[in-house]
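Here is the structure we will look at, set down as structure tokens.
The values are calculated or read from the model by the stated rules, or taken from the named source; none is laboratory data. Values in this document were obtained by computation on a predicted structure and should not be read as measured data. As a convention, Cβ positions derive from the backbone with ideal geometry for all residues, glycine included, and neighbour counts pool all protein chains shown. Surface areas here come from the heavy atoms of the whole protein model, side chains and all, with no ligands, DNA or RNA. Shrake-Rupley method; radii C 1.70, N 1.55, O 1.52, S 1.80 Å.
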Amino acid sequence: MAEPREPNTGAWRSRIGQRLYVRIYVALLVSLIVASVLFGMARMRFDPVPGTLHSSIHAHIHMLVVLMAIALVVAAAAYPVVRRLTGRLERLQTSVEAWGSGDLSTRVAVEGRDEVAQLARSFNESAARVEALVGAQKALLANASHELRSPLARIGMAVALLQDVAPAAIRAELARNIAELDLLIDEVLLASRLDAATGAERPMVTLDLTALVAEECARIGADLTAETIETRGDPTLLRRMVRNLLENAQRHGGATPIAVALTLTEGAIRLEICDGGPGVAAAEREAIFAPFYRARGASEADGGHGLGLSLVRQIARRHGGDVSCVERPAGGGCFRVVLPRD
């Protein structure tokens, strides 16, 4: 049984001390108290009350008490003002952080007519412009990718008509380029739809993840070690995630065996797909998940367009998990997908 953890008093005090309203309030309170004490001492030194010593001391003490009471009243009255100002700043900070994390629809409540309110209005206007620009870019990308389907289909038909005229090498190269272009369009379309889709548009269902992974492994002859696992998710997207990882291992593994492991760990489902190829340099293990990124040493002849791993990350995060490129003791490339257990 784990021992109860003692509260981290130092960290708590540090967090409190970093709050703007606490520092302003403490500074105001200390200033008022010091001013009151100094004023009282000055009165005792330079303005003695006539009469007996006892009455003089009593009057001085009474004056100090009154001054301290005044200081406390002023401090208590100043607290709501200071807290209201800093509270608005905190709400602005929370909204900016939410917007920066990807929720472009976030807006800040405009409170008052001062500089903080003007800052909130400026943020809302900038956020609206950025959201409109990003939305227009996504729509343009999706529409352009969709419209490319028609000319690509016509090019494919023209190539088919040249089967008996063009040399075999040219026909094969044209077919390969058309297939790559078709795959690129498909990946761009899927990426744009994932950006725009909501949970209601792509509902989650209960599925046999082990069977899904086994089908994809059998398609390319990968070795699978798996436990029986059911989960909730989008079967089309999960299949695409597994297929992209397997095709990546096949493309960069140098014809080495591909090992796939699907296991249950504490609180998570883990999928690992490893190959015996050259692997990924430590400095690039995060960069390879960026769209259209090519690792150093990779060429167009290897195939792929740099969207496959980006889609894998999008799909994994859409299911509440993530993917990472991990170091393999035996060498080679190894990708690990971690999904939450239901």
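When you scan the stretch 133-153, do you find a residue that is modelled with pLDDT under 75, hydrophobic (A, V, I, L, M, F, W, C), assigned to a helix (DSSP H, G or I) and over 28 Å from the mean Cα position of the chain (by Cα), even just one? Yes; the residues of the stretch 133-153 include at least one that is modelled with pLDDT under 75, hydrophobic (A, V, I, L, M, F, W, C), assigned to a helix (DSSP H, G or I) and over 28 Å from the mean Cα position of the chain (by Cα). Counting only strands (runs of 3 or more DSSP E) that sit wholly inside the stretch 178-295, those with at least 3 residues that are open to solvent by less than 40 Å² (accessible area, probe 1.4 Å) are 259-265, 268-274. Scanning the stretch 212-268 for residues that are of a type in the set (S, T, Y), over 26 Å from the mean Cα position of the chain (by Cα) and under 25 Å from R341 (Cα atoms) turns up T225, T228. Scan M63, M41, M68 and give me the residue that is surrounded by 14 or more Cβ atoms within 10 Å (Cβ to Cβ), of a type in the set (A, V, I, L, M) and modelled with pLDDT under 70. Step by step, each of M63, M41, M68 is checked, and only M63 is surrounded by 14 or more Cβ atoms within 10 Å (Cβ to Cβ), of a type in the set (A, V, I, L, M) and modelled with pLDDT under 70. In this structure, R202 does not qualify as over 17 Å from G333 (Cβ atoms), of a type outside the set (S, T, N, Q) and modelled with pLDDT of 90 or more.
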